[in-house]
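Structure first, commentary second.
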Amino acid sequence: MAATLLKNLFSCEHVREKTEDPDEPLASILLLEKTSTSAMRARSGKSAKINDKEPSNRPSSTMVRRSRKPMRFRYQVIVMLVVIIMVGAASKKGWQRMILAEEAIENLTKHVDTLLAASNDSMSHSSNDGGIKTNADFVGQTESSHTSSNTHTPPLVTGVSTPGCKDHTQFCTGLCTIVADFLRQRRKNVLSNPKSWSWYYQGVSDYYRCVNAKVVVEVGVAFGAQTAFHLKNSEFIDEYHVVDPFLAGYDPEDPMANEFMKAAPDATPDEISKAWFESMDKDLGIDGVYNGETKMQPGGCKLRMHRLKSVDAAPLFGDFSVDAVFIDGLHTYEGVVDDIKAWKSKIKVGGSLIFNDYNSVAFAGLSRAVNEFAKDERIEVKMIDRTNALVGGKEECAKG
């Protein structure tokens, strides 16, 4: 009988029947009986104030809450303990049962304390607005941080903070097939000619491997040659994001914008832009067309295409979510400055911003923007190779 009463006394269902709120945490109720009023106030502090709009089953680690009838509950507990003692004393082994009851109470109290301490620790971490302090001299620094101090606070807990998988283009017909043939031929020319852009692809891949880059963003994709190269040869990358508005013919002074108009001179720029995106998305994402003649493993979920301008795509990525951003978009001073502002906070601590065509006489504005950024961040510009500038990242992984 004593064992049955003891079991009922310390079952959650029994305790909750003594309160008006069935969701009242058991830890809060038992802790209330164990802790004095002053200790309880010291534990809860100012955080004990509850917003009336908050749900009633808020975790007890945030605050210790009294049951609505604490005195009635206390008397019930005392009565039950007296009954156990009387029944136990009347039996042959009564004192042993009393000792067992006392040990059971002590063990249960210790267990509640352990759970409460773990919950408090978790809450203190999630509510900590101080975070981990790191040196400000890294690329992932926000604008406000380096204007006031040399420290920056990255988020302590981050969830899924990059755009997820999307279905690739399933069908490519009409103009799309014409543009696809055009792109495949251009991609083949680049990948098969060691004197073209492809000469630095392997060096960039080696750098990504050295820094263990798992999430990479390529801004400005052109014919998709570098994208295809990394999908085929940089197997260690988990997410390869392509960001490009795929705008054809938008600027008479831009050679690449006008190059795509050659694919179908009778089509409008908007029609070609749409076909450009869809054909590349299908070729690389589903069909695994490498250079028009050879195949590769389709990009699938690893390849994530974003038909957006750089500054419009960046907000889709959480801060400190990307290992490296390869910037090969607008080569004007203003365009590079906009790209830097858009992506610098997206880089993880120790991450890399890579700028193509650095130190090119034809793109003096690009080099100026990169140099100013590096100076403001107090970071020396390094070179992965003779054309790709590195800001941040790991110097020992750059070959110069």
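Any residue that is touching a residue at least 24 places away in the same chain (Cβ under 8 Å), under 18 Å from Gly164 (Cα atoms) and not β-branched (Val, Ile, Thr) - is there at least one of those in region 257-272? For region 257-272, residues touching a residue at least 24 places away in the same chain (Cβ under 8 Å), under 18 Å from Gly164 (Cα atoms) and not β-branched (Val, Ile, Thr): absent. Pick out the one residue from Asp376, Asp338, Asp319 that is at pLDDT 95 or above, closer than 25 Å to Leu247 by Cα, surrounded by fewer than 22 Cβ atoms within 10 Å (Cβ to Cβ) and not hydroxyl-bearing (Ser, Thr, Tyr). Sole residue among the options that is at pLDDT 95 or above, closer than 25 Å to Leu247 by Cα, surrounded by fewer than 22 Cβ atoms within 10 Å (Cβ to Cβ) and not hydroxyl-bearing (Ser, Thr, Tyr): Asp338.
Taking Tyr333, is it modelled with pLDDT under 95, out of contact with any Ser or Thr (no Cβ under 6 Å at 6 or more places or on another chain) and among the hydroxyl-bearing types (Ser, Thr, Tyr)? So Tyr333 fails the test. Glu235 meets the conditions (1) free of Cβ contacts under 8 Å to residues at least 12 places away in the same chain; (2) surrounded by fewer than 16 Cβ atoms within 10 Å (Cβ to Cβ); (3) within 24 Å of Leu175 (Cα to Cα) in every case but one. The failed one is (3). Residue-level check: of (1) surrounded by fewer than 22 Cβ atoms within 10 Å (Cβ to Cβ); (2) of a type outside the set (D, E, K, R); (3) under 21 Å from Trp343 (Cα atoms), Val243 misses just (1).
Is it the case that region 256-279 has a residue that's of a type in the set (Lys, Arg), closer than 27 Å to Trp343 by Cβ, in contact with a helix residue (DSSP H, G or I) (Cβ under 9 Å, 6 or more places away or on another chain) and surrounded by fewer than 21 Cβ atoms within 10 Å (Cβ to Cβ)? Checked region 256-279: at least one residue is of a type in the set (Lys, Arg), closer than 27 Å to Trp343 by Cβ, in contact with a helix residue (DSSP H, G or I) (Cβ under 9 Å, 6 or more places away or on another chain) and surrounded by fewer than 21 Cβ atoms within 10 Å (Cβ to Cβ). In summary, Asn388 fulfils each of the numbered conditions (1) at negative phi; (2) without any contact (Cβ under 8 Å) to a residue 60 or more places away in the chain; (3) polar (S, T, N, Q) with the single exception of condition (2). Using the structure shown, decide if Lys344 is more than 30 Å from Lys188 (Cα to Cα) and in contact with a Gly (Cβ under 9 Å, 6 or more places away or on another chain). Here the answer is yes, as Lys344 does meet what is asked. For beta carbons closer than 9 Å, sequence separation of 6+ or different chains, a first residue in region 162-178 that is closer than 15 Å to Phe317 by Cβ and not assigned by TED's automatic domain parsing to the domain that holds Leu303 and a second that is surrounded by 10 or more Cβ atoms within 10 Å (Cβ to Cβ) and of a type in the set (Ser, Thr, Tyr), the qualifying pairs are Thr162/Ser321. What number of residues within region 242-277 are within 23 Å of Phe317 (Cα to Cα), of a type in the set (Asp, Glu) and out of contact with any His (no Cβ under 9 Å at 6 or more places or on another chain)? Of the residues in region 242-277, 0 are within 23 Å of Phe317 (Cα to Cα), of a type in the set (Asp, Glu) and out of contact with any His (no Cβ under 9 Å at 6 or more places or on another chain).
Results for (1) touching a Gly at 6+ places or on another chain (Cβ under 6 Å); (2) modelled with pLDDT under 95, shown as yes or no for each residue.
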| position | (1), (2) |
| --- | --- |
| Thr227 | no, no |
| Asn233 | no, no |
| Phe236 | no, no |
| Pro255 | no, yes |
| Phe260 | no, yes |
| Met280 | yes, no |
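I'd like to know if region 289-300 contains one or more residues that are in contact (Cβ under 8 Å) with a residue 40 or more places away in the chain, more than 22 Å from Thr387 (Cβ to Cβ) and of a type in the set (A, V, I, L, M, F, W, C). Within region 289-300 (the criterion being in contact (Cβ under 8 Å) with a residue 40 or more places away in the chain, more than 22 Å from Thr387 (Cβ to Cβ) and of a type in the set (A, V, I, L, M, F, W, C)), the answer is yes, since at least one residue qualifies.
Taking Asn359 as the residue in question, decide whether it is modelled with pLDDT under 95 and polar (S, T, N, Q). Walk me through it before giving the result.
On the way: modelled with pLDDT under 95: yes; polar (S, T, N, Q): yes.
Here the answer is yes, as Asn359 does meet what is asked.
The values are calculated or read from the model by the stated rules, or taken from the named source; none is laboratory data. Please read all numbers here as calculations on a predicted model, not as lab measurements. Note that we place each Cβ from the backbone using ideal geometry, even for glycine, and neighbour counts take in every protein chain shown.
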